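K.L.:
Mind having a look at this structure? Questions to follow.
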Amino acid sequence: MLPKHHYSERESSVFNDSSWIASQIDQLPISMQKKISDKYSDIYLKLTTEEDSKSRFRANTWLRLTVDKYKVINTEGYF
């Protein structure tokens, strides 16, 4: 699941956050994924609208910290 607004390969062929964002969101409980994706989109859009030069960094940092807090850790094997 990807946020509607994020830094993607369409904006640059060298840097692409899409796969990293998807891998981060996939670590969250399914019940939280849409909410976190929407929140990331809101944060990224708000910061880019304000012309914040570090909008990508700030939105990705928020996502990383949120995932670290809520991610699901499988301690019983692969299945």
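The values are calculated or read from the model by the stated rules, or taken from the named source; none is laboratory data. These numbers were taken from a predicted model, which means no experiment stands behind them. Counting neighbours? That spans all protein chains shown, and the Cβs are built from the backbone with ideal geometry, glycine included. When the accessible area is computed, the model is the full protein with side chains, heavy atoms only, and any ligands, DNA or RNA have been set aside. Shrake-Rupley method; radii C 1.70, N 1.55, O 1.52, S 1.80 Å.
K.L.:
Being open to solvent by 100 Å² or more (accessible area, probe 1.4 Å) and at pLDDT below 80 is the requirement here; does residue 79 meet it?
P.N.:
yes
K.L.:
Considering only segment 10-26, I want to know if a residue exists there that is modelled with pLDDT of 95 or more and basic (Lys, Arg).
P.N.:
no
K.L.:
Which condition from (1) modelled with pLDDT under 85; (2) charged (D, E, K, R); (3) in contact with a helix residue (DSSP H, G or I) (Cβ under 9 Å, 6 or more places away or on another chain) is the one that residue 46 breaks?
P.N.:
Going through (1) modelled with pLDDT under 85; (2) charged (D, E, K, R); (3) in contact with a helix residue (DSSP H, G or I) (Cβ under 9 Å, 6 or more places away or on another chain) one by one, residue 46 breaks only (1).
K.L.:
Same structure again: Every residue in segment 36-63 that is within 18 Å of residue 16 (Cα to Cα), open to solvent by 100 Å² or more (accessible area, probe 1.4 Å) and basic (Lys, Arg), please.
P.N.:
Residues satisfying the conditions are 54, 58.
K.L.:
Another question about this same structure. Taking residue 30, is it among the β-branched types (Val, Ile, Thr) and within 17 Å of residue 4 (Cβ to Cβ)?
P.N.:
Spelling it out, it is not the case that residue 30 is among the β-branched types (Val, Ile, Thr) and within 17 Å of residue 4 (Cβ to Cβ).
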